[in-house]
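Here's the structure we're looking at; comments come further down.
Coordinate-derived values only; no laboratory data. What you are looking at is a predicted structure, and each value in this text was computed from that prediction instead of being measured. Here Cβ is always computed from backbone atoms with ideal geometry, including for glycine, and neighbour counts include all displayed protein chains.
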Amino acid sequence: MSKNVILLGIVMSIVGGVALFNAVFSTYEMIKYPDYATAATSSNVTVSAAISTSISCSTSIGSTDFGTWTNTEIKTAASNASSTMACANTSGGCNLYVKDVGSTTAAGLWKAPDSIESPNAAFDATTTLADGTEGYGIKAATTTVGSGALFGIPARYRNTGANDIGGLQITNTAIATTTATTSGREIIVTHMAAIAAGTPSGSYSDTITYECTAN
């Protein structure tokens, strides 16, 4: 950016009066200062910096189990999954997703060719488990662990009834969300299931994956 500075010239008149032989003579002296102009030049320096988003998540357990059914009661898996997430340098927060393997085409506990669908045979978003009716799913709750933005739990998994669960899906489904940075925030995931009198015997299994991304 160029900047031009102009100094205005100053004109001053000095009048002197001299009396001689009853005549008045006036003399004028004009002093004019020269105009001065300065020109300034400038150059720019561009400063840049790159800041990358930091995000991490982990789950406290690698496996859990329902044990062996000897009747049709509702069961809760032996261990809950504690998942923590942290994200920094992101104005939009971050999300924790859950994804089910099931039979690879449908979510649920799987034993070829049989399965216990999630959360029920209709693949609804949520259901209430009942003794004697097949069903399988999870529920999530927040804790006070960590700092920064609190987790929000979507309605699908924010179930308050004792036997209410949300259905798993074979694609990423949000289970916890934040709209700002967070550090070490935690959710507890509970796994629940029930079988029917006609559920085929055998060993059923499933794999659940947790993944976090920045918004």
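General observations
- Inter-probe distance in nm under a simple model that places probes 7 Å from Cα toward Cβ, at Ala78 and Ile170: 2.9
- Put in order of Cβ neighbour count within 10 Å, fewest first, the listed residues Val45, Val101, Val189 become Val45, Val101, Val189.
- Here the simple spin-label model places points 7 Å from the Cα toward Cβ, and for Ser91 and Ser63 these points are separated by 4.6 nm.
- Think of region 54-214 as having a plus end and a minus end, set by charges on the Cβ of Lys, Arg, Asp and Glu; of Trp110, Gly167, Gly202, Gly167 sits farthest toward the positive end of this dipole.
- Prolate/oblate/rounded label for region 118-215 (Cα gyration tensor, a/c 1.5): prolate
- Packing rank of 135-143, 154-162, where each peptide gets the mean count of other beta carbons within 10 Å, highest leading: 135-143, 154-162
- Residue by residue, region 53-62 carries 3J(HN,Hα) couplings of 6, 10, 8, 8, 8, 8, 10, 6, 10, x Hz when phi is fed to the Karplus relation 6.51 cos²θ - 1.76 cosθ + 1.60 (θ = phi - 60°); x denotes Gly or Pro.
- For Cys212, the shell of other residues with beta-carbons less than 14 Å away shows a net charge of 0, using +1 for Lys and Arg and -1 for Asp and Glu.
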